[in-house]
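Here is the structure we will look at, set down as structure tokens.
The values are calculated or read from the model by the stated rules, or taken from the named source; none is laboratory data. Remember, it's a predicted structure, so these values are computed and weren't measured experimentally. All Cβ positions, glycine included, derive from the backbone under ideal geometry; neighbour counts span all protein chains shown. The area values use the complete protein model at the heavy-atom level, side chains included, leaving out ligands, DNA and RNA. Shrake-Rupley method; radii C 1.70, N 1.55, O 1.52, S 1.80 Å.
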Amino acid sequence: MVAGDRILMHLQGRSALVVGGTSGVGEATAERLVAEGCTVVITGRDVVKGRAAAQRIGAVFCRADVRDVDAMIAAVDTAADLGAMGVLVHCAGVGHAARTIGRDCAYSSAHSLDDFRETIDINLVGTFNAVRLAASAIARTDPDELGQRGAIVLTSSLAAMVGQTGQAAYAASKAGQLGLLLPLARDLSSKGIRVNAVVPGGMDTAIYGPEGPSEALRRAVSDAAIFPKRMGRPAEFASLVVELLRNDYINASAVELAAGTVQLPR
Ligand SMILES: NC(=O)c1ccc[n+]([C@@H]2O[C@H](COP(=O)([O-])OP(=O)(O)OC[C@H]3O[C@@H](n4cnc5c(N)ncnc54)[C@H](O)[C@@H]3O)[C@@H](O)[C@H]2O)c1
């Protein structure tokens with residue numbers, strides 16, 4: 001095969017940063033990237049969980065809140081010191097549920113602005129913080145034979161398009177990721193860095209609480225899916241991420257991972 005025929009970016013030997021890689025879909029992605037031959041750094045807020053996950057999958061853990069610039073620079077530097085950094089997968093995020101107005105319609109019971117800001121700060125501003133720093137480090141690496149330096153995957157949500165009752169803050173934060181996609185891909189194209197996003201439906205993770213999704217939520221998500229009628233699995237997310245990272249011709253794309261779900265329950 002001549003260089004021009006190559007269609008898959010090499011992951012083997014690259015260093016990768018998985019932000020929010022200490023649990024759920026991020027942990028599964030980090031594990032998969034280790035299996036693909038990457039040196040992987042994972043970040044999260046919980047030191048105990050982070051160290052345990054890193055040990056289990058063979059990654060390096062850096063404690064870093066996505067809103068903390070210095071901690072995120074330290075995490076990016078750790079990844080960049082471990083090898084040619086070519087991958088950022090951004091999974092960190094929090095859920096939030098509250099209705100826009102209270103039952104009594106009093107101003108005081110309307111949706112908390114602090115909660116709204118915090119959700120946007122973690123899910124959207126945090127994403128941009130990670131991208132701008134990681135992309136700077138990736139841009140300093142040598143390009144491959146096709147001028148490519150790396151690839152970035154963001155994590156949006158079906159809620160960006162079909163947000164449910166009580167999801168104003170969460171849906172807005174995830175819609176923001178979709179708005180970021182095209183300008184990021186354009187901004188980073190001159191450095192040979194692609195940017196894509198996964199748009200998951202209901203995934204079976206601890207974002208719904210330490211016990212995972214309730215039976216009622218499992219049923220609702222399953223009913224809304226076309227086929228298969230179940231929640232998504234973290235390994236399915238990881239598999240899609242690897243394709244988005246490797247496939248040279250996917251850029252500025254948001255790809256759904258939701259078993260055909262078109263409308264979530266109210
Ligand atoms: N589980 C779902 O149904 C679902 C659906 C659509 C999108 N998503 C998105 O997928 C992503 C991963 O979620 P998950 O389901 O694996 O949940 P999870 O709770 O298992 O993982 C969340 C990760 O984000 C990290 N995190 C949270 N706040 C952080 C902060 N301020 N700074 C640094 N790290 C922080 C946590 O440490 C953890 O590693 C999130 O962005 C979530 O919104 C999840």
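I'd like to check one number: the per residue accessible area of the chain, probe 1.4 Å, reported in Å² as a whole number.
Each residue of the chain exposes 48 Å² on average to a 1.4 Å probe.
Taking every protein chain into account, the 1.4 Å probe leaves residue 61 with about 40 Å² of accessible area, to the nearest ten. What a 1.4 Å probe finds exposed on segment 1-150 is 53% carbon and sulfur by accessible area, rounded to a whole percent.
Dipole magnitude for the chain: about 340 debye, using +1 per Lys or Arg Cβ and -1 per Asp or Glu Cβ, origin at the Cα centre. Largest to smallest in accessible area, the residues 226, 42 fall in the order 226, 42 (1.4 Å probe, all protein chains included). When 90, 10 are compared by accessible area at a 1.4 angstrom probe, the order from most to least is 10, 90. Both radii were evaluated on the Cα set of segment 9-257; the Rg over Rh quotient, with Rh as the Kirkwood radius, amounts to 0.98. Local charge sum around residue 6 (other residues, Cβ-Cβ under 10 Å, Lys/Arg +1, Asp/Glu -1)? That sum, taken over residues with Cβ under 10 Å, equals -4.
For the chain, the membrane-span-like helix rule (DSSP H, alpha carbon extent of at least 24 Å along the helix axis, mean Kyte-Doolittle at least -1.0) picks out 168-189; this says nothing about an actual membrane. Within the assembled protein chains, the solvent-accessible surface assigned to residue 243 is about 70 Å², based on a 1.4 Å probe. Under a 5 Å amide H cut-off, with hydrogens placed 1.01 Å from N, residue 60 pairs with 40, 41, 42 among residues at least 5 apart or on other chains. Taken as Cα centroids, segment 18-53 and segment 191-242 sit 17 Å apart, rounded to the nearest whole angstrom. Ordered from largest to smallest accessible area (heavy atoms of protein chains, 1.4 Å probe), the residues 8, 240, 245 come out as 8, 240, 245. Segment 142-175 and segment 68-82 have Cα centres separated by 21 Å. The calculated Kirkwood hydrodynamic radius for segment 171-266 is 14.8 Å, given to one decimal from all distinct C-alpha pairs. Take every DSSP beta bridge whose two residues both sit in the chain; close to 5 percent of them are antiparallel.
Dividing the Cα radius of gyration of segment 64-122 by its Kirkwood radius returns 1.24 for Rg/Rh.
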